[in-house]
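The values are calculated or read from the model by the stated rules, or taken from the named source; none is laboratory data. Source: prediction; values computed, not measured. Positions of Cβ are generated from backbone atoms using ideal geometry, with glycine treated the same way; all protein chains shown enter the neighbour counts. Each accessible area value is taken on the protein alone, full model and side chains, heavy atoms only, with ligands, DNA and RNA left out. Shrake-Rupley method; radii C 1.70, N 1.55, O 1.52, S 1.80 Å.
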Amino acid sequence: MDCGTCDSAPALPVEAPAPVNVNLTITDKARAMLSDAFGDTEGQSLLVGVLSGGCSGYMYDLQIIEGSEPDCQSLDVMGINVQVPNASSHLLDGIEIDYEDRLMGGGFKINNPNAGSTCGCGESFG
Amino acid sequence: MSFCHLRPDIGVLFVRGRDAVAFIDGLSTNHVPATPGSALRTVFTDRAAKVIAVATVMVREEGVVLLIQRERWQTLLEHLTPRMLGQEVSLLDLSNRNHVVYQTMPDGPIEGTWSTDDGITRARIHNALSILVISGQTSATYAQNNEAWTAWRVANRWPEEGFEITPKRHPYACGLESLVHENKGCYLGQEVLTRMRSRGRTGWVLVQGASDELPQERITTSHNGVSLAIVRTSEVQ
């Protein structure tokens, strides 16, 4: 296979959607759980992103991170610093981050008005 | 008998980047291991588990090489590119600098692996079939060998895009059941395929048999009185 010039060969053009200024909300319950998770550590943020995959084509990516990430929008939502990658901002505008306190299937949930369908487990949408 | 069959209808797509394996694994039916040197086939499916494209996969250090039927190329790109998001993945078209050749009864790497020698990469994806990706700079010449390939396909119950594999069928209905991994995580179409398998209801199945014993309207490929056909599971005795 001729891959000798792979490093210099141009990548196929990919038309990325324009970044959207994200508005998101966090329910009181989710905020309380996030505050618990952050503890006393200063400078922590909630990263809310989207990855490919999952039963519906896109998967949520929730992480607690130190500080901020490059190419992310930094939002202050009810005192919680939230980082949203520009690359997936078009899929996350208008979401509500909730927390369901249940023995089975509980945890953080994202209600997303951009989702045409959602996987049963709530981690994936399309 | 060993023979080679040039496949100008198959293109070479290099998915480059740190996230390439996870990206391809998360969107297709087979488990794509992160181990460089692995070779396998997988299927990209839509939400209804209908086939978008079948790909031969070669895992490299720098990413993943996909061999794709050119007719399905654009549809696959339209499926992949909106999902690239912020992942470290880029797509390179290496079709013009390589030839794809099928070789039956091959020597070379063991099944499930690939190796490169003198500009020829050999991916062993079946005990009796390797796919060669040959640098355009090599002097070796190959020809299309359609009749021998059709005979091999019929003898080995090997489905092909445009014949058995179409965008209206799901993998279980066109002989691609071995490419649907039973234990991997979620991917687009997985819920539908898992439900079919667990209920034992795939609806249709690819069979091989004597041409005069198969429903004529279901036959997809024939050679010397033997055919491949896609029949209802209820029609299989």
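Annotation note: of B:Arg47, B:Arg16, the sole residue that is charged (D, E, K, R), more than 24 Å from A:Ser124 (Cβ to Cβ), touching a residue at least 24 places away in the same chain (Cβ under 8 Å) and open to solvent by 10 Å² or more (accessible area, probe 1.4 Å) is B:Arg16. One residue stands out in region B:150-187 among those that are assigned to a helix (DSSP H, G or I) and open to solvent by 10 Å² or more (accessible area, probe 1.4 Å): the one that is nearest to B:Gly26 (Cα to Cα), namely B:Leu179. For region B:225-232, the criterion of being at pLDDT 95 or above, closer than 22 Å to B:Val54 by Cα and in contact with a Cys (Cβ under 7 Å, 6 or more places away or on another chain) is met by at least one residue. Candidates B:Gln144, B:Gln69, B:Gln103: the one that is more than 14 Å from every other protein chain (Cβ to nearest Cβ), open to solvent by 50 Å² or more (accessible area, probe 1.4 Å) and touching a strand residue (DSSP E or B) at 6+ places or on another chain (Cβ under 8 Å) is B:Gln144. Residues in region B:19-36 that are β-branched (Val, Ile, Thr) and farther than 19 Å from B:Arg47 by Cα were compared, and the one that is least open to solvent (accessible area, probe 1.4 Å) is B:Val32.
Condition check ((1) closer than 30 Å to A:Ala87 by Cβ; (2) modelled with pLDDT of 95 or more) across all residues:
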residue: B:Arg83; (1), (2): yes, no
residue: B:Thr113; (1), (2): no, yes
residue: B:Thr116; (1), (2): no, no
residue: B:Ile131; (1), (2): no, yes
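Counted as qualifying within region A:1-115 are the strands (runs of 3 or more DSSP E) with 1 or more residues that are more than 26 Å from B:Thr45 (Cβ to Cβ) and within 14 Å of chain B (Cβ to nearest Cβ), namely A:44-52, A:58-66, A:72-77, A:80-85. Could you count how many residues in region A:27-45 are surrounded by 20 or more Cβ atoms within 10 Å (Cβ to Cβ) and farther than 13 Å from A:Asp98 by Cα? Looking only at that region, the number is 1. Just so you know, in region B:219-237 the residues that are closer than 11 Å to B:Glu164 by Cβ and not polar (S, T, N, Q) include one that is most open to solvent (accessible area, probe 1.4 Å), and it is B:Ile219.
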